[in-house]
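Notes follow the structure.
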Amino acid sequence: QVQLVESGGGSVQAGDSLRVSCAASGRTSSSVAMGWFRQAPGKEREFVAAITSTGHSTYYIWSVKGRFTISRDNAKNTVYLQMNSLKREDTAVYYCAATESEYYQNPTNYNYWGQGTQVTVSS
């Protein structure tokens with residue numbers, strides 16, 4: 001079992017930055033790949049970013065490339081999503097998730113999920 005707890009969400013203005021964190025605990029939490037997803041009201045859950053267990057490789061949806069950065073600190077069992085130049089369309093509940101699969105963009109491949117943290121961007 002891997003337990004995930006997100007934090008760091010909030011309300012910001014367009015153009016601002018925000019960092020959300022995901023604290024992981026449980027068996028072999030540092031040996032799984034981690035992903036961030038988001039879900040806006042009335043929309044399906046969407047892949048945002050993923051990072052391999054070692055942190056050597058990262059993946060992003062095209063709409064956040066150059067603005068968001070995923071990272072992990074395995075010593076702290078924590079994964080981060082640094083979000084810069086935020087836009088209104090980034091407003092969503094952000095979830096972190098853990099997977100042993102290499103198909104990072106598909107949410108059905110993730111076995112463990114956090115409860116989510118709200119990010120609201122206003123203009």
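The values are calculated or read from the model by the stated rules, or taken from the named source; none is laboratory data. All of these numbers come straight from a predicted model, not from anything done at the bench. Ideal geometry is used to build each Cβ from the backbone, glycine not excepted, and the neighbour counts take in all protein chains shown. These accessible areas exclude ligands, DNA and RNA; they are computed on the full protein's heavy atoms, side chains included. Shrake-Rupley method; radii C 1.70, N 1.55, O 1.52, S 1.80 Å.
Summary table
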| quantity | calculated |
| --- | --- |
| Candidate set: the stretch 108-123, residues that are open to solvent by 80 Å² or more (accessible area, probe 1.4 Å) and closer than 18 Å to GLN13 by Cβ; chosen: the one modelled with the highest pLDDT | GLN118 |
| Matching residues in the stretch 36-63 - criterion: being closer than 17 Å to GLY8 by Cβ and in contact with a helix residue (DSSP H, G or I) (Cβ under 8 Å, 6 or more places away or on another chain) | PHE37, ARG38, VAL48, ALA49 |
| Set THR99, THR108: member being at negative phi and touching a residue at least 60 places away in the same chain (Cβ under 8 Å) | THR99 |
| ILE70 vs. criteria touching a Phe, Trp or Tyr at 6+ places or on another chain (Cβ under 7 Å) and closer than 21 Å to GLU102 by Cβ | yes |
| Qualifying strands (runs of 3 or more DSSP E) (wholly inside the stretch 1-107; at least 1 residues being hydroxyl-bearing (Ser, Thr, Tyr) and either modelled with pLDDT of 95 or more or surrounded by fewer than 20 Cβ atoms within 10 Å (Cβ to Cβ) (or both)) | 2-7, 10-13, 18-26, 58-60, 68-73, 78-83, 92-99 |
